[in-house]
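The values are calculated or read from the model by the stated rules, or taken from the named source; none is laboratory data. Bear in mind that the values here come from a model prediction, so they are computed numbers and not experimental data. Cβ sites come from the backbone with ideal geometry, for glycine too, and all protein chains shown count toward neighbours.
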Amino acid sequence: MARWFETHLPKMVLAPSFIAVLIFVYGFIGWTAWVSLTRSRLLPKYEIEGFIQYDRLFDSPRWDTALNNLFIFGGLYIGISMVLGLILAILLDQNIRTEGAIRTVYLYPMALSMIVTGTAWKWILNPGLGIEAMVQGWGFPNFSFDWLVNPDMAIYAIVLAAIWQSSGFVMALFLAGLRSVDTEIIRAAQVDGIPTWRVYTAIIIPSMAPIFLSAFIVLAHLAIKSFDLVIALTGGGPGYATDLPATYMYAMAFSRGDIGQAASSAMIMMLVVFAIIVPYLYSELRAKND
Amino acid sequence: MKYTAFAGVSAFAIAVGGMAVAEPQAEVLHWWTSGGEAKAVAVLQEEFAEQGGTWTDMPVAGGGGDAAMTALRARVLSGNAPTAVQLKGPAIQEWYEEGVLADISNVAEEENWSEVLPASIANHMKCDGTWCAAPVNVHRVDWIWANADVLEQNGIEMPSTWDEFNAAAEKLQEAGVIPLAHGGQAWQDATVFETVVLGLGGPDFYQSALVDLDQEALTSDTMKAVFDQMRTLRGYVDDNFSGRDWNLATAMVMNGEAAFQIMGDWAKGEFLAAGKEPGEDFLCASTPGDGFLYNVDSFAMFDVDGEDKRAGQELLAELIVGQNFQKVFNLNKGSIPARTDVSLEEFDSCAHTSSEDMQASSENGSLLPSYAHGMALRGAQAGAITDVVTAHFNSDMSSDEAVQMLADAVANSM
């Protein structure tokens, strides 16, 4: 009896969570895929009609904007956060005295929820209240900083707020990476008289490749599911200039009673995530098999 | 065996008891949670309790009803619908098509609803000829509010055409006043848009463009003129309008920062709450042009099991359309009663104008549903139009492009 338990206990302990994941993640992905092929409006219907919802989706200029915004937002957010995080981490790695305090300062934005970040930046960027009004008040009446209300620039306002929120976190990741590089190699390089910037570009940064990958994966999924920041900062406006796929999906599912559209946009979002995650998983698995 | 017999007898007893007493039960899902609205619902709750009913309140705040609709969807899918739900416009028919609404025709006929309600509003309460919802109020959407002092100082009359409005706006702009207080949220853009459609195109054009979604009307020159006027209006709005809430725009009119606001009569509540007098401190008039755009709140009655719940539903329907509730509720809410035979003695001058216009327009066929407030179209179509309107208003899109986009968006939403 005891032996039976010993062999089966791990399976029994894991089974509930396995079943839960099976139903609530993969089951519902399947359900969404099914609904995305129907004409569901207010309530889900289950007669399959083909790819009409996807046709409608890609005919919709609003979805176009949303998808474009995702690439602008995702690209800039991930790129700038990583560069900024890396620079901050390298600067912080120079054995400065108050490192602990400074690290906390930079990490702190991560402790705020996106709603708080969005609301704060909404006030900062509001032309009538924030930076523009302040600088104009200093005696520069022609100063203009209207990203938030300019439909062409509003998406960059969101990028700005998102970077402010996450670059500290990326910095912490990189800092850990920098500390894990073998100091022997760095000393050896220094003994050979190699300049510091070369030490970084040729030795330290290349050896941190896995950290780059983790930072990328974390930021990419944050970008794709980004929702609360947009809602708090611009509400998707002006017009629908700052819509992202997640806010599009929400509008279709909950405001417009168009569940089929919402499901098809959710499926596209999932495919975008797959396009990023699958190569990562593939390379990880291959590395292990080697 | 003993137990089944006992169960059978007690079930029978309950059924008989239920028939004899049938204490009315009602679970009411709504999103009237803010000050005046909550007070207005409390009135109904009290009346219901006085008639011996048990009211289960289910307020779901947030998202202008989105949260409540999500709750409703969950309840209906689990086969446990609330007795009555705050729903309006074509959404009622949409739910009816899902086969979940009840028939309250016997109450409606007993209470003679078809006599006391304007015909076009009554039509929203019917599903395939049977009554399935009860109207609570009539909000008029095509109002223009103005600061009386600002107009007087600049020698401006309340405009009766859009050209007059534009002339007045130019004058105000020169005087350094913001002509139009507006909040850059999609539904507010849509609100202004529909009043311009009604004003420039007239009631028939409004009907064919925004109710029947006639492709010809949507791409017509009149529609282009409407988008031209929207572009002109964009010039009369201050730079900081993006994302502003409607009540903040109302406050701008109140304190003289801006002259006009185009908004439904819920804006009146803001003026009154600030102690302003209609006719003296602020002026109300219909937006330039003929017609009347209504936004009618109503309660749809869902199919429920049990004698007590059905009794509650009927009592609720009777009370909602009853004279007393229609008066007290609308005094609190700033709207006017849906039934036309309620005394308006205690109402203010704006409400009187609204009521007279409603009856006049009901007779000449220009009593029209508001598209921006979900009375004319289903969610997907209305949303598609709003997307175009707000995209045009917030960019430098030309009217030709906008008209084309509008036709495409409507076709795509079907």
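Please go through region A:183-209 and give me each residue that is without any contact (Cβ under 8 Å) to a residue 24 or more places away in the chain and either within 28 Å of A:Val272 (Cβ to Cβ) or of a type in the set (Asp, Glu) (or both), ordered by number.
A:Glu184, A:Asp192, A:Ala209
Given the conditions (1) more than 23 Å from B:Asn295 (Cβ to Cβ); (2) modelled with pLDDT of 90 or more; (3) buried (at least 19 other Cβ atoms within 10 Å of the Cβ), which single one is not true for B:Met254?
(1)
Please determine whether any residue of region B:370-377 is under 15 Å from B:Phe193 (Cβ atoms) and of a type in the set (Ser, Thr, Tyr).
Yes; the residues of region B:370-377 include at least one that is under 15 Å from B:Phe193 (Cβ atoms) and of a type in the set (Ser, Thr, Tyr).
Within region B:173-191, restricting attention to residues that are within 14 Å of chain A (Cβ to nearest Cβ) and not hydrophobic (A, V, I, L, M, F, W, C), which residue is farthest from B:Leu248 (Cα to Cα)?
That would be B:Asp189.
Given the residues B:Val100, B:Val85, which is the only one that is in contact with a Phe, Trp or Tyr (Cβ under 8 Å, 6 or more places away or on another chain) and under 15 Å from B:Gly312 (Cα atoms)?
Step by step, each of B:Val100, B:Val85 is checked, and only B:Val85 is in contact with a Phe, Trp or Tyr (Cβ under 8 Å, 6 or more places away or on another chain) and under 15 Å from B:Gly312 (Cα atoms).
Among B:Met69, B:Met58, which is surrounded by 14 or more Cβ atoms within 10 Å (Cβ to Cβ), within 13 Å of chain A (Cβ to nearest Cβ) and within 30 Å of B:Ala380 (Cα to Cα)?
Unique residue meeting the criteria: B:Met69.
Quick check: is even one residue across region A:200-213 in contact with a Ser or Thr (Cβ under 8 Å, 6 or more places away or on another chain), surrounded by 15 or more Cβ atoms within 10 Å (Cβ to Cβ) and of a type in the set (Phe, Trp, Tyr)?
no
Residues that are basic (Lys, Arg) and surrounded by fewer than 24 Cβ atoms within 10 Å (Cβ to Cβ): which helices (runs of 4 or more DSSP H) entirely in region B:314-414 hold 1 or more of them?
Per the criteria, B:323-333.
If you scan region A:132-152, which residues turn out to be crowded, with 16+ Cβ neighbours inside 10 Å and not polar (S, T, N, Q)?
If the condition is that a residue be crowded, with 16+ Cβ neighbours inside 10 Å and not polar (S, T, N, Q), then A:Glu132, A:Phe145, A:Asp146, A:Trp147, A:Leu148, A:Val149, A:Pro151 are the ones that fit.
Residues A:Gly85, A:Gly79, A:Gly74, A:Gly118: which one is at pLDDT 90 or above, part of a helix (DSSP H, G or I) and within 14 Å of another protein chain (Cβ to nearest Cβ)?
Residue meeting the stated conditions: A:Gly118.
Give me the pairs, please: first residue somewhere in region A:234-253 and within 16 Å of B:Thr70 (Cβ to Cβ), second residue anywhere and hydroxyl-bearing (Ser, Thr, Tyr) and crowded, with 22+ Cβ neighbours inside 10 Å, beta-carbon distance under 6 Å, and either six or more positions apart or on two chains.
Close Cβ pairs (under 6 Å, with a partner that is hydroxyl-bearing (Ser, Thr, Tyr) and crowded, with 22+ Cβ neighbours inside 10 Å) amount to A:Met249/A:Ser265.
Of all the strands (runs of 3 or more DSSP E) wholly in region B:211-300, which have at least 3 residues that are within 18 Å of B:Leu172 (Cα to Cα), assigned by TED's automatic domain parsing to the domain that holds B:Thr390 and over 20 Å from the mean Cα position of the chain (by Cα)?
B:258-262
Answer yes or no: is there a residue in region A:211-226 that is within 14 Å of another protein chain (Cβ to nearest Cβ) and within 28 Å of A:Arg41 (Cα to Cα).
No: zero hits.
Tell me, yes or no, whether region A:136-159 has at least one residue that is away from chain B (no Cβ under 13 Å), outside any loop (DSSP other than H, G, I, E, B), modelled with pLDDT under 85 and within 30 Å of B:Ser242 (Cβ to Cβ).
Looking for residues that are away from chain B (no Cβ under 13 Å), outside any loop (DSSP other than H, G, I, E, B), modelled with pLDDT under 85 and within 30 Å of B:Ser242 (Cβ to Cβ), one finds none in region A:136-159, hence no.
Test of understanding: among B:Asp408, B:Asp396, B:Asp387, which residue is touching a residue at least 60 places away in the same chain (Cβ under 8 Å), closer than 30 Å to A:Ala66 by Cβ and not assigned by TED's automatic domain parsing to the domain that holds B:Ala122?
Criteria check complete, one pass: B:Asp387.
Counting only residues that are in contact with a strand residue (DSSP E or B) (Cβ under 8 Å, 6 or more places away or on another chain) and farther than 23 Å from B:Pro369 by Cα, which one in region B:72-98 is farthest from the other protein chains (Cβ to nearest Cβ)?
Per the criteria, the residue is B:Thr83.
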